[in-house]
Amino acid sequence: MISGKDQPKDWWEQISDQEKIEIEEGLAEADRGEILSHKDVMSKYQKYLPEN
């Protein structure tokens, strides 16, 4: 059994307060349907990506 300081921490406990706020804002946006599809994002930013 792992106990005390040897117990692994949850990643949520290791990120900054600002990162938590940004994640929570993103989840709220998704809940409100404020999302873009991968296809829409790729079509907008394709010009900035290197050609293969």
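Read the figures in this text as sums done on the coordinates, not as results from a lab. Since the model is a prediction, treat every value here as computed from it, not as a measurement. Cβ: placed from backbone, ideal geometry, glycine included. Neighbour counts: every protein chain shown.
At 0.36 nm per residue, and after removing the present C-alpha to C-alpha distance, how many nm does the segment from Met42 to Gln14 gain when stretched out fully?
Values: separation 28, 0.36 × 28 = 10.08 nm, distance 3.11 nm.
This chain segment gains 7.0 nm when fully extended.
Around Ile15, with a cut-off of 13 angstrom between Cβ atoms, what is the net charge of the other residues, counting Lys and Arg +1 and Asp and Glu -1?
On the way: positive: Lys9, Lys20; negative: Asp10, Glu13, Asp17, Glu19, Glu22, Glu24.
So the environment of Ile15 carries a net charge of -4.
If the cut-off is a Cα-Cα distance under 19 Å, which aspartates and glutamates reach Lys9, setting aside same-chain residues fewer than 8 apart in sequence?
Asp17, Glu19
Can you return the aspartates and glutamates within cross-link range of Lys44? Criterion is Cα-Cα under 18 Å, with same-chain partners fewer than 8 residues away left out.
The reachable aspartates and glutamates, counting only those whose Cα sits under 18 Å from Lys44, are Glu34.
In bins 10 Å wide, starting from 0, what share of all Cα pairs of the chain does each bin hold, as a percent?
With 10 Å bins starting at 0, P(r) equals 18, 25, 27, 18, 10, 1.
Length gain on complete extension for the stretch Leu27 to Glu51, per 0.36 nm per residue less the alpha carbon to alpha carbon distance? Before the final figure, lay out each step's value.
Working: separation 24, 0.36 × 24 = 8.64 nm, distance 3.21 nm.
Computed gain between Leu27 and Glu51 is 5.4 nm.
Using a Cα-Cα cut-off of under 17 Å, which aspartates and glutamates could be cross-linked to Lys5, ignoring same-chain neighbours fewer than 8 residues away?
By straight Cα distance, Lys5 reaches Glu13.
Can you give the angle from 0 to 90° between the axis of helix 17-31 and the longest principal axis of the chain, with both taken from C-alpha atoms, to the nearest 10?
50
So which trypsin sites (Lys or Arg not before Pro) in the chain pass both tests, a DSSP loop state and at most 14 other Cβ atoms within 10 Å of the Cβ?
On the way: sites: Lys5, Lys9, Lys20, Arg32, Lys39, Lys44, Lys47; in loops: Lys9, Arg32.
For trypsin sites (Lys or Arg not before Pro) across the chain that sit outside H, G, I, E and B with at most 14 neighbouring Cβ atoms in 10 Å, the list reads Lys9, Arg32.
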